[in-house]
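What follows is calculated from the coordinates using simple rules that are stated; it is not laboratory data. Just so we're clear, the structure is a prediction, and the values are computed from it rather than from any experiment. No Cβ is skipped: glycine too gets one built from the backbone with ideal geometry, and neighbour counts run over all protein chains shown.
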Amino acid sequence: DAEITQSPRHKITETGRQVTLACHQTWNHNNMFWYRQDLGHGLRLIHYSYGVHDTNKGEVSDGYSVSRSNTEDLPLTLESAASSQTSVYFCASSESDRGSEQYFGPGTRLTVT
Amino acid sequence: EDQVTQSPEALRLQEGESSSLNCSYTVSGLRGLFWYRQDPGKGPEFLFTLYSAGEEKEKERLKATLTKKESFLHITAPKPEDSATYLCAVQKARDTGRRALTFGSGTRLQVQP
């Protein structure tokens with residue numbers, strides 16, 4: 001069955017370190033998204049991609065970057081981790097058509113100490 | 001600016017006690033309104049997409065409806081396994097091509113036996 005996976009599921013890192021969160025989907029979807037979820041804020045968009053070599057900034061993109069070298073993967077990099085980036089991160093994917101539902105991964109819980 | 005507001009923040013029901021969750025939205029042109037269910041420690045799970053006012057969709061004990069300003073998720077005779085956080089999200093019809101979603105903060109539902 002097609003699926004979307006994230007790794008690691010839990011990560012503890014120190015302030016200032018570079019961290020990369022992986023997202024892999026086997027739906028063959030062109031659209032991929034990264035969100036963060038914090039209490040009181042719901043899910044907020046970090047970055048998104050509509051296809052290979054395409055990336056776009058979301059509402060909370062400062063301190064994050066993504067690259068899309070193939071259809072299946074959209075890794076999220078925290079260039080220099082900060083305590084404010086402690087959160088749960090979700091990756092999602094959807095088909096190209098507007099109005100298509102997004103399918104979410106299981107999430108990565110990141111703690112920056 | 002797009003806004004999605006969900007109410008109540010939390011709801012506790014007895015098994016069999018029907019109720020409704022509200023999602024009010026402000027968006028310049030709605031392409032679709034999405035409902036998701038999220039269990040603790042997991043990613044959001046897609047439930048419904050509504051595209052136009054007057055549309056309704058049902059799945060087991062859940063029924064989603066849409067007006068021009070809000071959506072309701074009706075839960076009929078809930079069971080303890082319906083306990084979860086329910087998320088509402090909107091997608092804009094016209095923009096630079098963005099297909100990402102704007103989420104509300106969710107309603108935490110607890111159904112007691």
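Please give the FRET efficiency for residue B:76 paired with residue A:20, using the beta carbon to beta carbon distance and R0 = 41 Å, rounded to the nearest 0.05.
0.35
Apply 1/(1 + (r/R0)^6) to the Cβ-Cβ distance of residue B:27 and residue A:3, taking R0 = 30 Å, and write down the FRET efficiency to the nearest 0.05.
Values: r = 30 Å, r/R0 = 1.01.
E(calc), rounded to 0.05, equals 0.50.
Could you tell me which of B:112, B:77, B:102 has its Cα farthest along the dipole of chain B towards the positive end, charges placed at Cβ (Lys, Arg +1; Asp, Glu -1), taken about the Cα centre?
B:102
When DSSP assigns beta bridges and you keep just the ones with both residues in chain B, what percent turn out antiparallel, to the nearest 5? All intermediate terms of the calculation are to be shown ahead of the outcome.
On the way: 38 of 43 bridges.
Close to 90 percent.
How large is the charge dipole for chain B, taken about the Cα centre, if only the Cβ atoms of Lys, Arg (+1) and Asp, Glu (-1) carry charge, to the nearest 20 debye? Let's see the in-between values first.
Values: 16 positive and 15 negative charges, 74 e Å.
Charge dipole, chain B, about its Cα centre: 360 debye, nearest 20.
If I model a spin label at residue A:84 and residue B:15 as a point 7 Å from the Cα along the Cα→Cβ vector, what separation in nanometres do I get?
In this crude spin-label approximation the distance works out to 4.7 nm.
Tell me the label-point distance for the pair residue B:53, residue A:95, using the 7 Å Cα-to-Cβ offset, in nm and rounded to one decimal.
About 2.8 nm, to one decimal.
Grab chain B and count how many Lys pairs have their alpha-carbon atoms under 28 Å apart, sequence gap of 8 or more, or different chains.
Summing the qualifying lysine pairs gives 17.
Please list, in chain and number order, the residues 5+ apart from residue A:111 or on another chain whose amide H is under 5 Å from its amide H, with Hs placed from the backbone.
It is A:11, A:12, A:13, by chain and number.
Say we join alpha carbon atoms closer than 10 Å with springs in a Gaussian network model of chain B; which of B:60, B:70, B:45 then has the biggest fluctuation?
The residue with the greatest mean-square fluctuation here is B:60.
Under 5 Å between amide H atoms, partner at least 5 residues away or on a different chain: which partners does residue B:55 have, H built in plane at 1.01 Å?
The answer is B:66.
Take every residue in peptide B:99-110, count the Cβ atoms of other chains within 10 Å of its Cβ, and give the average of those counts.
Numbers: counts 13, 14, 8, 5, 7, 2, 7, 3, 0, 0, 0, 0.
Averaged over the peptide's residues, the number is 5.
I need the calculated FRET efficiency for the pair residue B:68 and residue A:55, taking r as the beta carbon distance and R₀ as 45 Å, to the nearest 0.05.
On the way: r = 34 Å, r/R0 = 0.76.
Working from the Cβ atoms, E equals 0.85.
With the contact rule set at Cα under 8 Å and sequence spacing of 6 or more, what percent relative contact order holds for the range A:35-89?
30
If you take each beta carbon of peptide A:35-42 and count the beta carbons of other chains within 10 angstrom, what is the mean?
Numbers: counts 5, 0, 7, 1, 1, 2, 2, 11.
The mean count of partner-chain Cβ atoms within 10 Å per residue comes to 4.
For q = 0.12, 0.16 Å⁻¹, what log10 I(q)/I(0) does the protein assembly as shown give under the Debye formula with an equal point scatterer on each alpha carbon and no solvent?
Scattering profile of the protein assembly as shown, log10 relative to I(0): -0.65, -1.11.
Which one of B:52, B:38, B:28 is farthest out on the positive end of the charge dipole of the range B:10-68, using unit charges on Cβ (Lys, Arg +1; Asp, Glu -1) and the Cα centre as origin?
B:28
How would you classify the range B:41-113 from its alpha-carbon gyration tensor, with a ≥ b ≥ c the square roots of the eigenvalues: rounded for a/c under 1.5, else prolate if a/b is greater than b/c, otherwise oblate? Provide the component values of the computation, followed by the final result.
Working: a/c = 2.62, a/b = 1.57, b/c = 1.67.
In terms of gyration-tensor shape, oblate.
Give me the one-decimal nm value for the distance between modelled label points at residue A:39 and residue B:42, 7 Å along each residue's Cα-to-Cβ direction.
2.3
Taking only Cα atoms of the range A:25-88, what ratio of Rg to Rh do you get with Rh as the Kirkwood inverse-distance radius? Show your work: numbers first, answer last.
On the way: Rg = 12.1 Å, Rh = 12.3 Å.
For the range A:25-88, the value is 0.98.
Taking the C-alpha atoms of chain A, how large are the radius of gyration and the largest Cα-Cα span, Dmax, in Å?
Cα radius of gyration and Dmax of chain A are 13.2, 40 Å respectively.
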